[in-house]
Amino acid sequence: MEIPIKNKRLAGWIREVAELCTPEDIYVCNGSRQEYERLMRMMVDSRMAIPLKKRPNSFLFRSDPSDVARVEDRTYISTPSREDAGPTNNWIEPDRLKKTMLTLYRGCMKGRTMYVIPFSMGPIGSPMSKIGVEISDSPYVVVNMHIMTRVGNRVIEALGEDGDFVPCLHSIGAPLSEGQKDSLWPCAPMEKKYISHFPEENLIWSYGSGYGGNALLGKKCMGLRIASAMARREGWMAEHMLILRLISPEGRRYHIAAAFPSACGKTNLAMIQPSIPGWRAECIGDDIAWMRIGDDGRLYAINPESGFFGVAPGTSYETNSVAMETLRENVIFTNCALTDDGDVWWEGMTDDVPSHAIDWRGNDWTPESPGDAAHPNARFTAPVSQCPIISSDWDNPDGVPIDIFIFGGRRSTVVPLVYEAFNWDHGVFMGATASSETTAANIGAIGNLRYDPFAMKPFCGYNMADYFKHWLDMGDRLRDKAPRIFYVNWFRKDGDGRFLWPGFRENSRVLKWMCERIDGKVDAVKTPIGLLPRMEDLDLKGLDIPPEDMRELLSVDISQWKAEIPNIEHHFKTFGARLPDRLWRQLEEFKGRLGG
Ligand code: SAT
Ligand code: MN
């Protein structure tokens with residue numbers, strides 16, 4: 001067939017994949033609204049998509065009950081040497097992995113259309129942007145990529161005849177034989193799913209899943225795993241971070257980038273409406289930051305995505321009114337519940353619970369039903385441009401200068417509300433030892449404590465010890481222009497399991513303290529773990545929080561922290577000789593501060 005593509009490598013790759021996967025036909029996406037509408041209509045006709053009466057141009061999808069989240073156990077970083085993938089990644093030797101996957105790919109698109117999706121991560125033409133091309137047999141992937149990335153002809157034009165791109169091959173792994181009836185969410189069984197990355201070739205192969213980060217390959221696969229490996233080679237950073245701009249009553253702007261694991265509130269913080277009078281915030285991104293050092297020596301960040309793929313459960317007008325406003329129209333919902341009047345619903349969305357709904361599996365549901373109405377990892381896909389507080393600089397090709405880095409996670413005990421690093425190396429130590437209780441964003445047990453360094457454990461495309469080294473190197477280059485580093489924990493609980501800190505909008509009080517720290521307006525209390533706020537420096541006006549709760553939130557229990565030391569040692573030892581000495585030194589100093 002004739003492919004209207006001038007880029008020789010791309011045209012060749014499309015032909016190769018078509019020969020391998022033997023689709024019924026090939027369609028090159030142009031990114032237009034008509035294309036989106038035509039595919040949606042097709043999926044409504046096949047009953048895969050349910051139009052929502054209550055939300056204009058919005059649709060609900062239900063995945064197969066086995067295909068509801070990222071599959072970290074089936075995710076591979078395939079480098080020639082196992083050492084280069086490191087202890088935090090699954091590894092299979094590239095030739096062997098390719099052989100296995102080629103067997104799976106052979107004929108895997110039979111009876112389906114092969115979509116070619118040219119996309120840009122970052123504004124087209126920005127020096128910080130990168131082009132990818134996803135080939136997928138899932139129309140659901142196409143419509144989601146339309147929202148999450150910049151798709152279409154302009155990307156093909158930008159590629160020209162010999163422009164570079166990251167090939168991202170995706171198949172749901174469910175060929176259709178002659179006359180076979182399709183299922184509503186076709187996918188392959190778990191043991192045939194593979195989410196594979198070949199960082200030395202800038203290549204992604206995904207097979208068997210249609211869900212989220214497994215299938216929308218611009219996001220975690222290219223935007224983080226491949227990009228992090230590229231960033232290290234090229235001297236920039238690809239991080240699992242939201243980006244926001246905070247504006248003081250005097251109009252001073254602060255840019256904050258924060259790394260938390262999946263489903264720990266990045267979208268909520270990215271869309272914060274400060275509760276402190278006079279302070280405002282603008283959203284720039286909610287999941288990924290690409291950063292490089294600008295001509296003035298500061299670190300500049302862009303959000304490479306153009307949509308939000310957020311966790312629905314828990315999102316409400318109370319917790320995140322901006323997200324609720326963002327979701328009024330033109331949204332794709334996945335695994336939410338369907339109400340009788342034709343809207344979506346999820347746990348935590350409203351105080352009154354619908355008396356009847358159709359749950360995420362498509363079954364009748366009432367409040368008495370044993371399971372949740374929406375899956376805990378149910379998601380919304382919405383255009384960034386619909387966010388009412390989106391910054392006018394969200395797609396500035398030069399990015400925004402970062403002042404503050406925040407790390408954190410979900411810890412019901414030990415870790416205080418906020419503390420600041422003594423210096424860059426100590427901040428890198430804080431990031432490297434970040435830990436969090438696991439969530440529903442990955443298939444597997446929930447609530448287990450694990451180290452999730454820089455919230456990148458599932459997303460670092462190379463040996464994480466080398467990644468720590470890269471952070472140290474970036475600090476050496478940034479010197480006094482480096483962002484200041486803080487650690488937060490919004491999730492501390494008391495003995496009865498009640499959250500001590502109200503969170504959400506009130507987190508602005510903590511952000512304000514950080515801004516005052518970088519402006520040198522407030523002192524801090526030196527503790528063995530870092531610099532904590534003096535109680536009187538946290539703006540708690542109008543907040544009804546018992547002083548004993550505040551004391552607990554700002555307490556550092558030496559014996560509890562001492563108990564963390566063997567775990568940190570064990571964590572560091574998994575990296576062997578590749579762990580930078582500067583981090584061992586940080587650990588020694590930390591031990592010394594804790595009193596041996
Ligand atoms: O499914 S995604 O990987 O896109 C979302 C997440 O886990 O953060
Ligand atoms: Mn994420």
For the range 184-318, projected area of the alpha-carbon convex hull averaged over all directions, nm²: 11.0
Please compute the net charge surrounding residue 58, taking Lys and Arg as +1 and Asp and Glu as -1 over other residues with Cβ under 11 Å from its Cβ. +2
Please report Rg over Rh for the range 307-386, where both radii come from the alpha carbon positions and Rh follows the Kirkwood definition. 0.95
GluC sites (Glu not before Pro) within the range 20-120: which are DSSP loop residues with at most 14 other Cβ atoms inside 10 Å? 24
With bins of 10 Å, the percent of all Cα-Cα pairs of the range 505-552 per bin from 0 is 23, 56, 21, 0
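Residues with beta-carbon under 15 Å from that of residue 274, excluding residue 274: net charge, scoring Lys, Arg +1 and Asp, Glu -1?
With Lys, Arg at +1 and Asp, Glu at -1, the neighbours total +3.
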Under the Kirkwood approximation applied to all pairs of distinct alpha-carbon atoms, what is the hydrodynamic radius of the chain in Å? 24.7
So for the range 1-88, using the alpha carbon gyration tensor with a ≥ b ≥ c as root eigenvalues (a/c under 1.5 gives rounded; past that, a/b versus b/c decides prolate or oblate), I'd call it oblate
Roughly how many Å² is the accessible area per residue of the range 231-383, as a whole number, for a 1.4 Å probe? 34
Rounded to whole Hz, the Karplus (6.51, -1.76, 1.60) HN-Hα couplings of the range 355-369, x for glycine and proline: 6, 8, 7, 9, 6, 5, 8, x, 9, 4, 9, 10, x, 7, 4
Can you give me the % of accessible surface on the chain that is carbon or sulfur? Probe 1.4 Å, all protein chains present, nothing else counted. 48
Theoretical gain in end-to-end length, residue 6 to residue 46 [0.36 nm per residue, Cα-Cα removed]: 11.0 nm
May I ask for the net charge around residue 405, where only other residues with Cβ less than 11 Å from the Cβ of residue 405 are counted and Lys, Arg are +1 while Asp, Glu are -1? -2
Return the loop-located trypsin sites (Lys or Arg not before Pro) in the range 237-325 (DSSP other than H, G, I, E, B) with at most 13 other Cβ atoms within 10 Å of their own Cβ; answer none if there are none. 252
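The values are calculated or read from the model by the stated rules, or taken from the named source; none is laboratory data. Computed from a predicted model, the values in this text were never measured in an experiment. Using ideal geometry, Cβ is built from the backbone for each residue, glycine included, and neighbour counts are taken over all protein chains shown. Heavy atoms of the whole protein, side chains included, go into the accessibility calculation; ligands, DNA and RNA do not. Shrake-Rupley method; radii C 1.70, N 1.55, O 1.52, S 1.80 Å.
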